[in-house]
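Enquirer: Mind having a look at this structure? Questions to follow.
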Amino acid sequence: LKSGCSIEQRQLESRDALLRVLALFLPIAYRLLLFRSAARCIPHLPATLILSDSQIQILRIKRPKLKLPAQPTVHEALLAIAALGGHLKHNGYPGWQTLGRGWQELLNIDSFLSQAGLQHTVSNTPFLPQSPNPIQIELT
């Protein structure tokens, strides 16, 4: 929230304004944290558990040099998203701002294509809440 969403720079003065901004940014921060944690803790996990098929296809098209396999892992997908945000391959692990920029780019493209009717988006991401109730994931 602090780095990727620039919550401090917004200089919100009222409690209501802060709550509205948090309601907007918390799901984004949660998803990025889940994604990055999965990529670090269980890098061999299939990316289809976190990303939709259309998002994976977008990564393949936007970053053809990365050559994502037919079933990319979360680690491979995370690096592709970071590349969308400007991450350089040999520059260490991507930071929050780079991941945030890449994630925003991916969502913008996905949203544009779905609104233009150029793709059929199917939610196949069991780790993401489908309802307002939060989910709990235990990594053993």
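The values are calculated or read from the model by the stated rules, or taken from the named source; none is laboratory data. This is a predicted model, so every value here is computed, not measured. Because the Cβ atoms are built from the backbone with ideal geometry, glycine has one as well, and the counts that use them run over all protein chains shown. Just the protein is used for accessible areas: all its heavy atoms, side chains included, with ligands, DNA and RNA removed. Shrake-Rupley method; radii C 1.70, N 1.55, O 1.52, S 1.80 Å.
For (1) hydrophobic (A, V, I, L, M, F, W, C); (2) under 13 Å from the mean Cα position of the chain (by Cα), each residue gets a yes or a no:
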| site | (1), (2) |
| --- | --- |
| ALA29 | yes, yes |
| HIS44 | no, no |
| ILE50 | yes, yes |
| GLN55 | no, yes |
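Enquirer: Further, regarding this structure: In the stretch 61-76, which residues are touching a helix residue (DSSP H, G or I) at 6+ places or on another chain (Cβ under 8 Å) and not in a loop (DSSP other than H, G, I, E, B)?
Expert: Answer for the stretch 61-76, where residues must be touching a helix residue (DSSP H, G or I) at 6+ places or on another chain (Cβ under 8 Å) and not in a loop (DSSP other than H, G, I, E, B): LYS62, LEU66, THR73, VAL74, HIS75, GLU76.
Enquirer: From the residues in the stretch 77-92 that are open to solvent by less than 60 Å² (accessible area, probe 1.4 Å) and in a loop (DSSP other than H, G, I, E, B), which one is farthest from TRP103 (Cα to Cα)?
Expert: Checking each candidate, the answer is GLY92.
Enquirer: Given the criterion at pLDDT 90 or above, hydrophobic (A, V, I, L, M, F, W, C) and at negative phi, identify the matching residue among TRP103, TRP96.
Expert: TRP103
Enquirer: Out of all the residues in the stretch 94-117, is one or more outside any helix (DSSP H, G or I), free of Cβ contacts under 8 Å to residues at least 40 places away in the same chain, closer than 20 Å to ALA38 by Cβ and not basic (Lys, Arg)?
Expert: Yes, because at least one residue in the stretch 94-117 is outside any helix (DSSP H, G or I), free of Cβ contacts under 8 Å to residues at least 40 places away in the same chain, closer than 20 Å to ALA38 by Cβ and not basic (Lys, Arg).
Enquirer: Conditions first: (1) outside any helix (DSSP H, G or I); (2) open to solvent by less than 60 Å² (accessible area, probe 1.4 Å); (3) at pLDDT 90 or above. HIS44 passes all but one, so which condition is the exception?
Expert: Condition (2) is where HIS44 drops out.
Enquirer: Same structure, new question: Can you name the residue in the stretch 97-110 that is under 11 Å from the mean Cα position of the chain (by Cα) and among the hydrophobic types (A, V, I, L, M, F, W, C) and, of all such residues, is surrounded by the fewest Cβ atoms within 10 Å (Cβ to Cβ)?
Expert: Of everything passing the filter in the stretch 97-110, LEU107 is surrounded by the fewest Cβ atoms within 10 Å (Cβ to Cβ).
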